[in-house]
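Take a look at the structure set out below.
The values are calculated or read from the model by the stated rules, or taken from the named source; none is laboratory data. In this text the structure is predicted, and so the values were computed from the model without any measurement. Glycine also receives a Cβ, built like all others from the backbone with ideal geometry; neighbour counts cover every protein chain displayed. The area values use the complete protein model at the heavy-atom level, side chains included, leaving out ligands, DNA and RNA. Shrake-Rupley method; radii C 1.70, N 1.55, O 1.52, S 1.80 Å.
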Amino acid sequence: MKPVPEVKFGLMFRCETLSVPVMRHVLGDTLRGLGVDEETIYDILLAATEACTNVLTHGGQKVQGYAVCASLGAVGCQVEVSDDGVGMMPRAMEARPPGPESPAAQLPESGRGLAIMRACVDNVTLDSRPGHGTVVTLRKHIRWPKDAPLRQLRAAS
């Protein structure tokens, strides 16, 4: 079986509402074109949408833009959503993953973002320090089919 090469790409956006559907379109089409299954694409897009929406909602007025960087390889996909905002204090980041006692549907409308991200992907990390912006990293395992177009990139190079 051909090995899966690593592919990386990035998108830079201004903080405006239109950036979220554009991100979904570009990221979704790229994942689809490389051979990722639709269920995995749905999960990744939902988590990435929540992360981008959090930048627009919580980033503050000083955040002018943000980046969405994706990498795909043999074991899966990683998407980083980063902004150049003021960051958050450690206490603001103490949101715990939802347990059986607090499903996402029972959380207040604001505050569901991290719970939704954690429900969609295998791993979510949040790195934010005052004065250094915020980076949300989403990781999802992918089982690549033998005929995935991403495998063909290695054969062509």
Filter result for the condition that a residue is β-branched (Val, Ile, Thr), at pLDDT below 95 and outside any strand (DSSP E or B), over VAL63, VAL26:
VAL63
Could you tell me whether any residue of the range 6-19 is out of contact with any Lys or Arg (no Cβ under 7 Å at 6 or more places or on another chain), open to solvent by less than 30 Å² (accessible area, probe 1.4 Å) and not in a strand (DSSP E or B)?
yes
Within the range 13-53, residues among the aliphatic types (A, V, I, L, M) and within 18 Å of ALA67 (Cβ to Cβ) come out as LEU18, VAL20, VAL22, MET23, VAL26, LEU27, LEU31, ILE44, LEU45, ALA47, ALA48, ALA51
Pairs returned, first residue in the range 5-30 that is under 20 Å from VAL63 (Cα atoms), second residue that is open to solvent by 80 Å² or more (accessible area, probe 1.4 Å) and modelled with pLDDT of 95 or more, beta-carbon separation under 6 angstrom, 6 or more apart or interchain, are none
Of all residues in the range 33-47, count the ones that are in contact with a helix residue (DSSP H, G or I) (Cβ under 6 Å, 6 or more places away or on another chain) and either assigned to a helix (DSSP H, G or I) or aromatic (Phe, Trp, Tyr) (or both).
6
Inside the range 46-76, the number of residues satisfying the requirement of being without any contact (Cβ under 8 Å) to a residue 60 or more places away in the chain and either small (Gly, Ala, Ser) or buried (at least 20 other Cβ atoms within 10 Å of the Cβ) (or both) is 7
